[in-house]
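Novice: Here it is: the structure, laid out below.
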Amino acid sequence: MRANQATFAARAWPINRARHQKARQKAYDQGAAVVDRLQSNNEQRELALAMLYLGDGSKTGGAVRLGSVNPEIMAYFVSALRSLYQVDETRLSCRLHLINAARDQEWAFIRWWSEKINVNVSQFGPSAYDRRSKATHITDDYRGVCVVTYCDTYILQRILGLARTYIRIYPNHAE
């Protein structure tokens, strides 16, 4: 009986994996199709920025601050700040958070992030290092965490006001 179960499981695994992958791809494609139906306007872009910020941004200190390992998220964040609020570039700064094993590659990572998020390398401050990390080598896909900060209390409060109000009132709206 155990041999039959093992044989059945070995045959079912690839079939189920393919079926589940197909279902996941269908769901992904349907989610991506929503973007095509959105009207391109600044209000939707600002709402997307606000929701991203509410989820992952720093809410203190009078500055708009977001960090991520994902360059697409950070590029969107910087681009949205620039296009929605016409930010003063001198008040936009970046900083990497790295593990100690990455010390000798700091400038390579700064240049990489600079290119990915369209920020001048001169806007990067000193990197912060996590001394708790026991890693002795880094993987090929490691680039650290990039933190972008824009010092502006008004923009911070505008983003938070939009996001918090939206999630508070949205469930009460009739569909």
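Novice: Can you tell me the accessible area per residue over segment 1-64, all protein chains present, probe 1.4 angstrom, in square angstrom?
Specialist: 81
Novice: Of (i) 0.95; (ii) 0.93; (iii) 1.11, which is the value of Rg/Rh (Cα atoms, Kirkwood Rh) derived from the coordinates here?
Specialist: (iii)
Novice: Let me ask another. Let me have the relative contact order for segment 45-113, percent, based on Cα pairs under 8 Å that are six or more residues apart.
Specialist: 22
Novice: Under a 10 Å cutoff between Cα atoms, tell me which one of Leu156, Leu98, Leu38 has the largest fluctuation in the Gaussian network model of the chain.
Specialist: Leu38
Novice: While we're looking at this one, here's another question. Taking every pair of distinct Cα atoms and averaging 1/r, then inverting, what Kirkwood hydrodynamic radius in Å comes out for segment 50-102?
Specialist: After inverting the pairwise mean of 1/r, the radius is 12.4 Å.
Novice: Using only Cα atoms and rounding to the nearest 10 degrees, what angle (0 to 90) does helix 42-56 make with the longest principal axis of the chain?
Specialist: 70
Novice: Could I ask something else about it? Carbon and sulfur atoms: what percent of the 1.4 Å accessible area of the chain do they account for?
Specialist: Carbon-and-sulfur percentage of accessible area, whole number: 55.
Novice: I've got another one for you. Looking at segment 1-66, I'd like the Rg to Rh ratio, where Rg is from alpha-carbon atoms and Rh is Kirkwood's inverse mean 1/r.
Specialist: When Rh is taken as the Kirkwood radius, the ratio is 1.36.
Novice: Here's a follow-up. For segment 109-175, what is the accessible area per residue in Å², given a 1.4 Å probe and the full set of protein chains?
Specialist: Averaged over the residues of segment 109-175, the accessible area is 68 Å².
Novice: May I ask for the longest run of the chain untouched by trypsin sites (Lys or Arg not before Pro) that are loop-located per DSSP and have at most 16 neighbouring C-beta atoms (other than their own) within 10 Å?
Specialist: 60-130
The values are calculated or read from the model by the stated rules, or taken from the named source; none is laboratory data. Note that the structure is predicted; figures quoted are calculated from it, not measured. With ideal geometry, Cβ positions are generated from the backbone for all residues, glycine too; neighbour counts draw on all protein chains shown. To get the accessible areas, we keep the full protein, side chains included, count just its heavy atoms, and leave off ligands, DNA and RNA. Shrake-Rupley method; radii C 1.70, N 1.55, O 1.52, S 1.80 Å.
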